[in-house]
Amino acid sequence: MGMFKAVVVEKDESGQKVALRAFDESELMDGDVTVRVTHSTLNYKDGLALTGKAPVVRRFPMIPGIDFAGTVESSTHPDFKSGDAVVLNGWGVGETHLGGYAEKARVKGDWLIKLPEGMTASQAMAVGTAGYTAMLSVMALERHGLTPDRGPVIVTGASGGVGSVAIALLARAGWHVIASTGRVQESDYLKGLGAAEILDRAELSGPARPLGKERWAAGVDSVGSHTLANVLSMTRYGGAVAACGLAAGMDLPTSVAPFILRGVSLLGVDSVMAPKSLRLEAWKRLAQHLDHAKLASMTSTIPLDKVIEAGPEILAGKVRGRIVVEIA
Ligand SMILES: NC(=O)c1ccc[n+]([C@@H]2O[C@H](COP(=O)([O-])OP(=O)(O)OC[C@H]3O[C@@H](n4cnc5c(N)ncnc54)[C@H](OP(=O)(O)O)[C@@H]3O)[C@@H](O)[C@H]2O)c1
């Protein structure tokens, strides 16, 4: 059995350790498809896994990396054959199943999708779980019947991965996008993605009143806590907010007022266990509707040996847009 390079998280009595080292293929977990990974990416959850700041890793040793793109090396799954270009995100990969920060991965074929037409492996990882979650959030707002003529949409955590992709998608769909950020120095970047207005996130980070002035018809929130509570309290009658993240905290100190007095809806978005039909639709739409130049403007690339030090950076809110991790 061969050895390959991988970032490996281990744990003993002294705590969690992470290192780039050789990994034995025979230690890969069960799966019917083996993939030669070419690209992965850094998501907020990967930052948690790399640093151990929250217990997202539930098996040791673990190769983090909640998503990857690559080429099938061998397969006994009927839908995939050697040479197929594939993408994986979610399903507990990088948490309970060995993940994408490695030259090889073995997974269930049911978790894979074919690389969407019109996208390279590198672009798919520029989108990554963050961008795909932004798409799921936009789709949740649409399913609720919300359209740009209903009023503005707010995107919180705007300079982050989910936020950046959400802005680009919503602006292209014709929405007036209000970008809430703690990095007002990134205003030009956010406007380049399609934001029409910039809101200092400090306006949303204190305790929320039960109802505030109605400022937007919809929201995509990757921040949680007081921010989400404020977004809800300022959502127009009949509007909705897609909640997908917790960058500021897992709590939600809100009241029932927005729901029972303004008919506001809170739409939960989970990317990890999202059913395949939703995934396929989201990736297809990302390939069709996400402007390649905008995607490039929000993406930086690092080699595998730099991902360990990038982990704390994303948790500190210092990463702008998306980071692709080049494996091959
Ligand atoms: N539901 C799902 O399946 C799913 C999937 C993907 C991601 N997520 C979650 O979505 C969130 C964002 O993920 P990501 O990969 O986009 O991370 P990210 O790139 O780090 O973006 C998060 C952004 O939130 C803002 N932020 C950070 N700390 C904050 C604080 N204390 N208060 C207010 N705003 C703060 C920052 O934006 P500004 O500097 O612009 O303010 C930061 O760039 C994470 O919580 C992640 O776990 C969930």
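The values are calculated or read from the model by the stated rules, or taken from the named source; none is laboratory data. What you see is a predicted model, and the numbers here were worked out from it, not measured in a lab. Here the Cβ positions follow ideal geometry from the backbone for every residue, glycine too, while neighbour counts run over all protein chains shown. Only protein heavy atoms, including side chains, enter the accessible area calculation; ligands, DNA and RNA are left aside. Shrake-Rupley method; radii C 1.70, N 1.55, O 1.52, S 1.80 Å.
Odds and ends about this structure:
- Leading residue by the ranking (nearest to the ligand (Cβ to nearest atom)) among those in the range 273-292 that are open to solvent by less than 70 Å² (accessible area, probe 1.4 Å), under 27 Å from Asp188 (Cα atoms) and part of a helix (DSSP H, G or I): Leu286
- Within the option set Thr129, Thr96, being over 13 Å from the mean Cα position of the chain (by Cα), open to solvent by 10 Å² or more (accessible area, probe 1.4 Å) and either farther than 19 Å from Glu25 by Cα or at pLDDT 95 or above (or both) holds for one residue only, Thr96.
- Considering Arg279, Arg285, the condition of being of a type in the set (D, E, K, R), in contact with a strand residue (DSSP E or B) (Cβ under 9 Å, 6 or more places away or on another chain) and touching a residue at least 24 places away in the same chain (Cβ under 8 Å) is satisfied by Arg279 alone.
- Unmet criterion (only one of (1) open to solvent by less than 30 Å² (accessible area, probe 1.4 Å); (2) within 16 Å of the ligand (Cβ to nearest atom)) for Ala257: (2)
- Matching residues, the range 227-254, being over 22 Å from the mean Cα position of the chain (by Cα), crowded, with 21+ Cβ neighbours inside 10 Å and within 15 Å of the ligand (Cβ to nearest atom): Asn230
- Here Arg183 does not fit the description of being open to solvent by 30 Å² or more (accessible area, probe 1.4 Å) and away from the ligand (no atom under 14 Å from the Cβ).
- When residues of the range 303-328 are limited to those that are within 14 Å of the ligand (Cβ to nearest atom) and part of a strand (DSSP E or B), the one farthest from the chain's Cα centre (by Cα): Val325
- Within the range 199-238, tally of residues that are touching a Leu at 6+ places or on another chain (Cβ under 7 Å) and in contact (Cβ under 8 Å) with a residue 60 or more places away in the chain: 6
- As a summary of the residue check, Trp91 satisfies the conditions (1) buried (at least 24 other Cβ atoms within 10 Å of the Cβ); (2) within 13 Å of the ligand (Cβ to nearest atom); (3) aromatic (Phe, Trp, Tyr) except for the one numbered (1).
- The residue that is farthest from the ligand (Cβ to nearest atom), among those in the range 19-44 that are hydrophobic (A, V, I, L, M, F, W, C) and buried (at least 23 other Cβ atoms within 10 Å of the Cβ), is Val33.
- Filter result (away from the ligand (no atom under 16 Å from the Cβ), part of a helix (DSSP H, G or I) and either aromatic (Phe, Trp, Tyr) or in contact with a Ser or Thr (Cβ under 9 Å, 6 or more places away or on another chain) (or both)) within the range 116-146: Ala121, Ser122, Gln123
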